[in-house]
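Take this structure, written in structure tokens, and hold onto it; I'll ask about it next.
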Amino acid sequence: MEREALKLVIVGSVDHGKSTLIGRLFYDTGSLPEGKMEELRAAAQAEGKEVEFAFIMDHLREEREGAMTIDTAQAFFSGALRDYVIIDAPGHKELLKNMVTGASQADGAVLICSAYEGVEEQTRRHAYVLKLLGLHQTIVAYNKMDLVEYDQRRFEKVRTDLREFLQQLGIEPRLEIPISAKLGENVAQRSLNMPWYEGATILEALDTFELGPGAVEKPVRFPVQDVYELDGRKVAVGRIESGVLSRGAELLFLPAAKRRTVADILRFEESNIEQGTCGECIGVALEPAEAQRGEIGCDPNSPPRPVRSFEASIFWLAHGPLNPGEELVIHCSTQEAQSRIAVIRERIDSSTLECLERNAKRLEETEVGQVTVTCDRPLVVEKFTDVPELGRFVLVRGRNVVAGGIVTGTTNSA
């Protein structure tokens, strides 16, 4: 029986031990490719260094970027119940770019914070990104306990500092775990140096995470990723983001409001499938056989309204400021359009949550804006809390992703 895989993102401030924790998880679960640890030890010895667990993730990343033996799908470690796929993103900019576009949406997260350095600005910003992405299954790992002599009072102090910020964001961690990633304490094995902590290890805590069941009970939403010709017929391919899609069902494709019947549902090397469920990537043959990338197939009895304007919360990533009225390209699910920020209602410091300005004239790097987005054509968007894939987007300036955002309200119809 094939084991289920849960997608996991591990975030935290630079030097708080993210790569070390990932490397330790790979090593302690026996999930490294054969001979990899010996290879790393030999390389470290040749340079007169002691091998560090952070080298493991760095080395796997180099191989993946060099198109060698490790690819994204193979970057996993195995727990008692399931496999875990690591979504590798070095910083909050890369994390937003990869995850807001939906390419690698995580099921859960570990926020790492050093008990030695304490809560830093980047810790808070990464926490805000988790909030922005709607990652409710979160563990906080307080690392480097060996550097504070396993002091429970220091753990409680840093924990209190971070918990206050997380509560303002509405994030309630599943568990808060004191660890030493370097020494493997409370990662896969319990620490003998922290008898005052009686909770789960990181690995045990991860096994409590649940695979997102998806919005099975909600109306169908099927964004068209592409259209292929297969055996003389056109097949629209994409991922069902909510609901259950059955053969013979009618779909309303927005924003053009075209009604089509699902003649066939296909999976890889399978056809004549009776139905597909949210979270599945499928192909559909339609009658009439017409669909385009960027259209959203919807339940005709409960369709969203295409809009040219909506309310959103955005995290600004560019070095240069955002000015209202600047033209940007918006990518939401498989849709793309010219857009602009019409109004910045609030400008917020992402590390303190302080409102810096109302009716602001600009948004600076790493700041959060409560904004109104306007588009040059109707888009199918929904509140992030209703259908996440149609409620998250990125903004692009030239070739660079400059912001990630979530839809907070849709009030104006097209």
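In region 6-40, which GluC sites (Glu not before Pro) fall in coil by DSSP and have 10 or fewer other Cβ atoms within 10 Å?
Those satisfying the criteria are GLU34.
DSSP loop (so not H, G, I, E, B), at most 10 other Cβ within 10 Å: list which GluC sites (Glu not before Pro) in region 349-414 pass both filters.
GLU354
Also: Expressed as a whole percent, how much of the Cα-Cα distance distribution for region 138-221 exceeds 19 Å?
Taking all Cα-Cα pairs of region 138-221, the fraction more than 19 Å apart is 46 percent.
How high is the relative contact order of region 177-293? Use alpha-carbon pairs under 8 Å, at least six apart in sequence, and give a whole percent.
Rounded, it is 22 percent for region 177-293.
Within region 191-233, report the chymotrypsin sites (Phe, Trp or Tyr not before Pro) that DSSP leaves as loop and that have at most 15 other Cβ atoms within 10 Å.
Here the sparse-neighbourhood loop sites are TRP196.
What whole-number volume per residue, in cubic angstrom, does the convex hull of the C-alpha atoms of region 339-414 give?
Here the figure is 113 Å³ per residue.
A further question on this structure: Please report the equivalent ellipsoid semi-axes of region 279-414, computed as sqrt(5 x eigenvalue) of the Cα gyration tensor, largest first, in whole Å.
They are 30, 15, 14 Å, listed largest first.
What translational D, rounded to a whole number of µm²/s, comes out for region 228-298 from Stokes-Einstein when the hydrodynamic radius is the Kirkwood one over Cα pairs, at 25 °C and 0.890 mPa s?
205 µm²/s
Go through LYS7/LYS218; LYS131/LYS361; LYS7/LYS383; LYS131/LYS383; LYS18/LYS182 and tell me which ones have a Cα-Cα distance over 18 Å in this structure.
In this structure, LYS7/LYS218; LYS131/LYS361; LYS7/LYS383 lie more than 18 Å apart at Cα.
Read the figures in this text as sums done on the coordinates, not as results from a lab. Remember, it's a predicted structure, so these values are computed and weren't measured experimentally. Reconstructed Cβ throughout: ideal geometry from the backbone, glycine too, with neighbour counts over all protein chains shown.
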